[in-house]
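S.K.: There's a structure below that I have some questions on.
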Amino acid sequence: MEFIKQSEKQMLELIEKIVNIDSGSYDKEGIDQVGNVLIEQYEKLGFTVERHENENHGDNLVLQHKEAKDPKVLILAHMDTVFPKGTAEERPFSIKDGRAYGPGVVDMQSSLVSVIYAIKGLQEENNDAYKNVQIVLNSDEEIGSPTSRELIEQLSEGKQYALVMESGRANGAIVSARRGGGGYTLTVKGKAAHSGVAPEDGISAVEELAHKIIKLEQLNDHENGIAINVGIINGGAATNMIPDYAKAEIDVRITREDQGPVIDQKIKDICATSDVPGTELTLEGGINRPPLELNDRNKELLQIVKEVGSSIGVTIEDVHTGGGSDASFPSALGVATIDGLGPVGGELHNENEYMVIETLTERCNLLAHLIAELSL
Ligand SMILES: [Zn+2]
């Protein structure tokens, strides 16, 4: 669409504006500020906003055109980033050698702008397809969507398609499958004692945790796509003290939905009894994201994306990735879902994060055509 192709400069200006607002997942003020900038844009396009207020996180926003009736396409994009307050001031939005930089530039502030310009593009062409979308802008995707998951699941009901705006991969591919997973915290309580004076009085929480680490790691089954990582451990206070405290943080990834309850039960079983008599174990957490599986529905949608791509001269490959996203939620509820529709970039979640500028209008144009195609 000609309008989109000519909008690169305006899009970059808007991206600069929101990248330069700190909006880490715990920064309510910043995320709400980003939300307000976006709402202002949407209101100009005739969209109405439903604000789901959040006390500790940014408000979650649901937007649709005022003349929309029962939209069939759900678009998911998140406003939060992984970066702490002060990052935007430290290294604000910048452009170098065809790439844009800055905190959250491709995950996913550029995607937020791409959705707005896809809608604008459709309006410029008098294509009513923009009335067929409902857009969720959530505030907590980077921490597992604790306050927005239910909302996304509610809105998935009755939808035909879900388009998820995580960035395109560094090689340009969109995302057709993702692992699901969750996280656990295991806390062990023992009994402190001086290791020289009265070691027999102590009960070692660290020793107990060591047994559990070995057992948990043995649940790894890479052949079937199950990964358990005891990534952080803590415990003890001094070398001459029998430690009365130890803690482990555990990351779990699964590839198929049915693996979730099975692995959850195995972890609970391991942590249900002590190996070191007298220790007490507390396990918190669970599986919080189903995987995005490439089922028949999603395959069909993937095919449509590829066809739309080739009709506008963009070759679309797809990849499977280990990282989670909100795409899992609509997909698990039977909505045809595809992810990675944002502009292309790389080095997500670190200071070298970048967005490839030439893909900005390209992916926006793809999104606009895709919405049109799905609304025929
Ligand atoms: Zn993201």
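S.K.: Among (1) closer than 19 Å to PRO343 by Cβ; (2) modelled with pLDDT under 95, which single condition is ILE18 missing?
M.R.: In the conditions (1) closer than 19 Å to PRO343 by Cβ; (2) modelled with pLDDT under 95, ILE18 misses (2) alone.
Quick grid of which residues meet (1) out of contact with any strand residue (DSSP E or B) (no Cβ under 9 Å at 6 or more places or on another chain); (2) touching a residue at least 60 places away in the same chain (Cβ under 8 Å):
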| site | (1), (2) |
| --- | --- |
| ALA170 | no, yes |
| ILE174 | no, yes |
| LEU186 | no, yes |
| ALA192 | no, no |
| GLY196 | yes, no |
| PRO199 | no, no |
| SER204 | no, yes |
| LEU209 | no, no |
| LYS212 | no, yes |
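S.K.: Would you tally the residues in segment 87-141 being more than 19 Å from ILE18 (Cα to Cα) and under 22 Å from the mean Cα position of the chain (by Cα)?
M.R.: Number of matching residues: 2.
S.K.: Those residues that are touching a Lys or Arg at 6+ places or on another chain (Cβ under 9 Å) and either within 16 Å of the ligand (Cβ to nearest atom) or free of Cβ contacts under 8 Å to residues at least 24 places away in the same chain (or both), I need them from segment 141-159; list them, please.
M.R.: Passing the criteria: GLY144, SER145, ARG149.
S.K.: Would you check if ASN126 is polar (S, T, N, Q) and on the phi > 0 side of the Ramachandran plot?
M.R.: Judged against the criteria, ASN126 is a match.
S.K.: Would you pick out the residues in segment 295-332 that are part of a loop (DSSP other than H, G, I, E, B) and surrounded by fewer than 17 Cβ atoms within 10 Å (Cβ to Cβ)?
M.R.: Those that are part of a loop (DSSP other than H, G, I, E, B) and surrounded by fewer than 17 Cβ atoms within 10 Å (Cβ to Cβ): ASN295, ILE312, GLY313, THR315, GLU317, GLY322, GLY323.
S.K.: Taking segment 160-179, which residues are modelled with pLDDT of 95 or more, among the charged types (D, E, K, R) and away from the ligand (no atom under 13 Å from the Cβ)?
M.R.: none
S.K.: Right, another one. So PRO103 clears everything in (1) crowded, with 20+ Cβ neighbours inside 10 Å; (2) more than 14 Å from the ligand (Cβ to nearest atom) except one condition, right? Which one?
M.R.: Failed condition: (2).
S.K.: Would you mind finding the one in LEU219, LEU209 that is part of a loop (DSSP other than H, G, I, E, B), at pLDDT 95 or above and closer than 27 Å to ALA272 by Cβ?
M.R.: Answer to the check: LEU219.
S.K.: Same structure, new question: Being under 16 Å from SER156 (Cα atoms) and either more than 16 Å from the ligand (Cβ to nearest atom) or touching a Ser or Thr at 6+ places or on another chain (Cβ under 6 Å) (or both) is the filter here, so list the residues in segment 69-79 that pass it.
M.R.: Within segment 69-79, LYS69, ASP70, PRO71, LYS72, VAL73, LEU74, ALA77 meet the criteria.
S.K.: Which condition number does PRO146 fail, the rest of (1) part of a loop (DSSP other than H, G, I, E, B); (2) buried (at least 21 other Cβ atoms within 10 Å of the Cβ) being met?
M.R.: Unmet condition: (2).
S.K.: Within segment 123-131, does at least one residue satisfy the condition of being in contact with a Phe, Trp or Tyr (Cβ under 9 Å, 6 or more places away or on another chain) and either within 16 Å of the ligand (Cβ to nearest atom) or aromatic (Phe, Trp, Tyr) (or both)?
M.R.: Yes, segment 123-131 contains a residue that is in contact with a Phe, Trp or Tyr (Cβ under 9 Å, 6 or more places away or on another chain) and either within 16 Å of the ligand (Cβ to nearest atom) or aromatic (Phe, Trp, Tyr) (or both).
S.K.: In addition: Name the helices (runs of 4 or more DSSP H) wholly within segment 1-64 that hold at least 3 residues that are surrounded by 21 or more Cβ atoms within 10 Å (Cβ to Cβ)?
M.R.: In segment 1-64, the matching helices (runs of 4 or more DSSP H) lie at 8-19, 28-44.
S.K.: Taking ILE152 and the conditions (1) crowded, with 20+ Cβ neighbours inside 10 Å; (2) in a loop (DSSP other than H, G, I, E, B), which numbered condition does it fall short on, given that it satisfies the others?
M.R.: Exception for ILE152: condition (2).
S.K.: Only one residue in ALA227, ALA248 is within 30 Å of GLU153 (Cα to Cα), of a type in the set (A, V, I, L, M, F, W, C) and modelled with pLDDT of 95 or more, so which one is that?
M.R.: ALA227
The values are calculated or read from the model by the stated rules, or taken from the named source; none is laboratory data. Since the structure is predicted, the reported quantities are computational estimates derived from the model, not experimental observations. We place every Cβ from the backbone using ideal geometry, glycine too, and count neighbours over all the protein chains shown.
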